[in-house]
Amino acid sequence: MLRFRSILFAAVLTAASVPFLAGAQTPAATTATAAAPATQTSDRITAVPFRAGTILSAEISKQKPSFDVESEFDQPAIENPAWIELIVKLDNGRSISRFDYEIVGKNGTYPCFAVAEGADGYSVDVEKWTIKKSSPLRYYRLLFPVRQDEIAAAKRELLPVTLKVMLFDTTLAPATFQVRVMPEGRNFTRVSSVRPEGLCNMTYHEAFESGN
């Protein structure tokens, strides 16, 4: 009888451990599994995976983009900045905020200043700090004020940068890619002009004037 009870007890422990082990995957591991594959055109990656989805376009310009709401109490830390804009597609169920990411350039590290959905104007309104409900069918924009000398650090009209998560540690490697330097006087590319296969790591000429 004692032997039978020991065997029964061991069986109960084994059965109980199965769901525990099945659910023991860490959030970081889950994210890594869900990460989208990079899209490659010829020998160049044009859609770059990052923690929440895929970067489809990355540009730097001296032209300040449109803001619907601004505040003298909520301004970039850099005086007279240049601007880096990322156009991204988010994975299903993902949210994104102005506090999630920072860009590391050649001459500094720069936190995100604003986010926007589609072609909407940027805003510093507290209600616009976070995009809580996203759709995998829409594009989203992240804006980073950076030092103007980042443009001078570009080589062949492309500036290498790294996008890093700000708020917590992750086992995922940061996303590294090249930002397109926009011609003098040109605004950022419209969301409607960004192709599904992406325009990352491409100069303005390669993306829009070479017949691609």
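Summary table below
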item	result
Residue that is least open to solvent (accessible area, probe 1.4 Å), among those in the stretch 172-186 that are part of a loop (DSSP other than H, G, I, E, B) and not acidic (Asp, Glu)	Met182
Spans of strands (runs of 3 or more DSSP E) in the stretch 44-91 with at least 3 residues farther than 22 Å from Leu137 by Cβ	53-61, 67-69, 82-90
Failed criterion for Ser66 (all others in (1) touching a strand residue (DSSP E or B) at 6+ places or on another chain (Cβ under 9 Å); (2) among the polar types (S, T, N, Q); (3) at pLDDT 95 or above hold)	(3)
Odd one out for Glu127 among (1) more than 29 Å from His205 (Cβ to Cβ); (2) part of a loop (DSSP other than H, G, I, E, B)	(2)
Test result for Phe168, open to solvent by 80 Å² or more (accessible area, probe 1.4 Å) and of a type in the set (Phe, Trp, Tyr)	yes
First in the stretch 107-135 and more than 20 Å from Glu70 (Cβ to Cβ), second anywhere and open to solvent by 40 Å² or more (accessible area, probe 1.4 Å) and assigned to a loop (DSSP other than H, G, I, E, B), Cβ under 6 Å, 6 or more apart	Asn107/Arg147; Gly108/Arg147; Lys132/Ser95; Ser134/Arg94
Candidates Thr189, Thr203, filtered to the one that is in contact (Cβ under 8 Å) with a residue 40 or more places away in the chain, among the hydroxyl-bearing types (Ser, Thr, Tyr), within 14 Å of Glu85 (Cα to Cα) and open to solvent by less than 60 Å² (accessible area, probe 1.4 Å)	Thr189
Residue list for the stretch 159-171, filter: touching a residue at least 60 places away in the same chain (Cβ under 8 Å) and either part of a strand (DSSP E or B) or closer than 18 Å to Thr39 by Cβ (or both)	Leu159, Val161, Leu163, Lys164, Val165
Val126 being modelled with pLDDT under 95, open to solvent by 10 Å² or more (accessible area, probe 1.4 Å), out of contact with any Gly (no Cβ under 8 Å at 6 or more places or on another chain) and not polar (S, T, N, Q)	no
Residue in the stretch 12-31 that is β-branched (Val, Ile, Thr), modelled with pLDDT under 65, open to solvent by less than 50 Å² (accessible area, probe 1.4 Å) and within 18 Å of the chain's Cα centre (by Cα) present	yes
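The values are calculated or read from the model by the stated rules, or taken from the named source; none is laboratory data. As the structure is a computational prediction, the values presented were derived from the model and not from experiment. A quick note on method: Cβ atoms are made from the backbone with ideal geometry, for glycine too, and the neighbour counts reach across all protein chains shown. For the accessible areas, the whole protein counts, side chains as well, though only heavy atoms, and no ligand, DNA or RNA atoms are used. Shrake-Rupley method; radii C 1.70, N 1.55, O 1.52, S 1.80 Å.
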